[in-house]
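Each value in this text was obtained by applying a stated rule to the coordinates, not by laboratory testing. Quantities reported herein were computed from a predicted structural model and do not represent experimental measurements. We place every Cβ from the backbone using ideal geometry, glycine too, and count neighbours over all the protein chains shown.
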Amino acid sequence: MTELITQWLDQHDIFTTTTMLHYWGGLVTTVQLVFLSLVLGLVLALPLAIMRTSRNPLINGPVWLYTYLFRGTPLLIQLYVIYYGIAQVEGIQDTFWWDIFKAPFYPALLAFTLNTAAYTTEIIRGAIIATPQGEIEAAKAYGMSWALRVRRILLPSAARRAVQAYSNEVIFMLHASAIASVVTIVDLTGAARDIYSRFYAPFDAFIAVALIYMALTFSLVYGFKRLEKHLLKHLKPANG
Amino acid sequence: MLDLKGYGPSLLDGAVITIELAFLSLALSLVLGLVGASSKLSNSRFLRITATTYTTLIRGVPDLVMMLLLYYGGQVAVNNISDYLYKVYEVDFFFQFDPFISGVLTIGLIFGAYMTETFRGAFLAVDNGQIEAAKAYGFNRWHTFRRIIIPQMLRHALPGLGNNWQVLLKTTALVSIIGLTDMVRVAEQAAKAERSPFLFFIPVALMYLLVTAGSEILIKWLNKRANVGVIRGD
């Protein structure tokens, strides 16, 4: 079977086995990068969003500044600052951190994580402040502590309201991850650029990768639609 | 004071290019958005399908990939066309696809799709009675569009427009990747040469923040103006 595919592929001029494997490697890198930064970003965003809804300006202010800075500047600049900046940190070359941040993957992961965490924080905050007052009052009337209220009432109900905006953020992150290729990471776009320069065939190289991104995007859109339907089942009209 | 090691003037030149790029792309995207929204709402099946394909395609592909395709592919396509023209009609025609043009085209094309969605929603929000009234007054289609629909839909479109503009502005940074010497590229080259990334990238980031903050104020003011005739509920 494998041999058949290899033989078939090697008849092509551009899309040979080597090229396809290069795209595959790029796909794996893109998925790793996007998935890890989304997970880490979400983990960071949860406490940040709760802090952001605090009435105390000492708690709310710094988080506001962080999200303002990261949402107000291009991701490309954030990536450059972290990628070029880390090597300039005094003495980092002597610590174990250097072993991690030497490879371009980790500075890019850091930049993407901080960026998506900023957007996600604002998404979750928006969902939290839209919680109906009655739900919180009811929880208080049952004698729930603050932590229990957050865990049982606030976050689950906010999550339902946040799914749609968050699905946009996920797609945005997938598309934004294409800039990883400028710091020499061979992600999907990086693979396409390699293949373009090898064969000087811009249409083949970039349209192929555009189709892969489209397949990823629309699978994600479909997945989120299913998830949304599942989470908002109780809001469906009775005979809908 | 801030010592930019002689890169100050080129950073400023870069900032001017960034702003030109942003405004030209915005203009293109507004035109495409109006055309796209009108097509989506038209009675012609062909126009509706074309516009839907356009917005769907744009939503599925990263902006950088689109830009690379247009920049590298555009030149090849233009060369093929000019070869063909020369061979068949002996017309000597050449066109250099530079990063600036590719940037404007790509960003305009991408945000044209987003503007299409924004305008579509805004068009739908205009009360049908208003359009009927215009017809009753004997307005022709163009007059109805210019005098009745546009002023009334603007109020609904402005928040979305403002949002798209903020994202568009940040997207202009990508054009530095295909070689346009905008402020991001100047900063990158300076940072590499002087080995001091923070010195150059932070002022550029602040420039973006400044323009974003300024636009925010302007959009708020425009919003207030557009909503002058609306009575707000409590």
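Results, tabulated for the structure shown:
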{"item": "Gain in span if fully extended, B:LYS192 to B:ALA27, counting 0.36 nm per residue against the direct Cα distance", "result": "56.0 nm"}
{"item": "Phi-based couplings in Hz for region B:164-176 (Karplus 6.51, -1.76, 1.60; Gly and Pro marked x)", "result": "4, 4, 5, 5, 4, 4, 6, 5, 4, 4, 5, 5, 4"}
{"item": "Per DSSP, loop chymotrypsin sites (Phe, Trp or Tyr not before Pro) in region A:108-146 with at most 15 further Cβ within 10 Å", "result": "A:TYR142"}
{"item": "Rounded to the nearest 20 debye, dipole of chain A from Cβ charges on Lys, Arg, Asp, Glu", "result": "1480 debye"}
{"item": "Gyration tensor (alpha-carbon) shape descriptor, region B:8-226, a/c threshold 1.5", "result": "oblate"}
{"item": "Mean Cβ neighbour count within 10 Å, used as a protection proxy, ranking A:163-170, B:138-145 highest first", "result": "A:163-170, B:138-145"}
{"item": "Average other protein chain Cβ within 10 Å of Cβ, residues B:186-198", "result": "3"}
{"item": "Peptide-level mean, for A:77-85, of C-beta atoms on other protein chains within 10 Å", "result": "6"}
{"item": "Estimated 222 nm signal from helices in chain B, with DSSP H stretches of n ≥ 4 weighted -39500 (n - 2.57), rounded to 500", "result": "-25000 deg cm²/dmol"}
{"item": "Across B:LYS5/B:LYS192; B:LYS40/B:LYS220; A:LYS102/B:LYS192, pairs whose alpha-carbon gap is larger than 22 Å", "result": "B:LYS40/B:LYS220"}
{"item": "Helix-only mean residue ellipticity at 222 nm for chain A, each DSSP H run of n ≥ 4 adding -39500 (n - 2.57), per residue, nearest 500", "result": "-25000 deg cm²/dmol"}
{"item": "Relative intensity, log₁₀ I(q)/I(0), of the protein assembly as shown from a Debye sum that treats every alpha carbon as a point, q = 0.06, 0.13 Å⁻¹", "result": "-0.33, -1.45"}
{"item": "Sites B:LEU218 and A:LYS233, calculated FRET efficiency, Cβ-Cβ separation with R0 45 Å, nearest 0.05", "result": "0.60"}
{"item": "GNM flexibility winner over chain B from B:ILE107, B:ILE217, B:ILE19 (Cα, springs under 10 Å)", "result": "B:ILE217"}
{"item": "In order through region B:198-205: 3J(HN,Hα) via Karplus (6.51 cos²θ - 1.76 cosθ + 1.60), integer Hz, x for Gly, Pro", "result": "5, 4, 9, 6, 5, x, 5, 4"}
{"item": "Sequence of A:MET173, B:MET115, A:MET20 once ranked by neighbouring C-beta atoms within 10 Å, starting from the fewest", "result": "A:MET20, A:MET173, B:MET115"}
{"item": "Burial ranking of peptide ranges A:29-35, A:82-88 (average Cβ count within 10 Å, highest at the top)", "result": "A:29-35, A:82-88"}
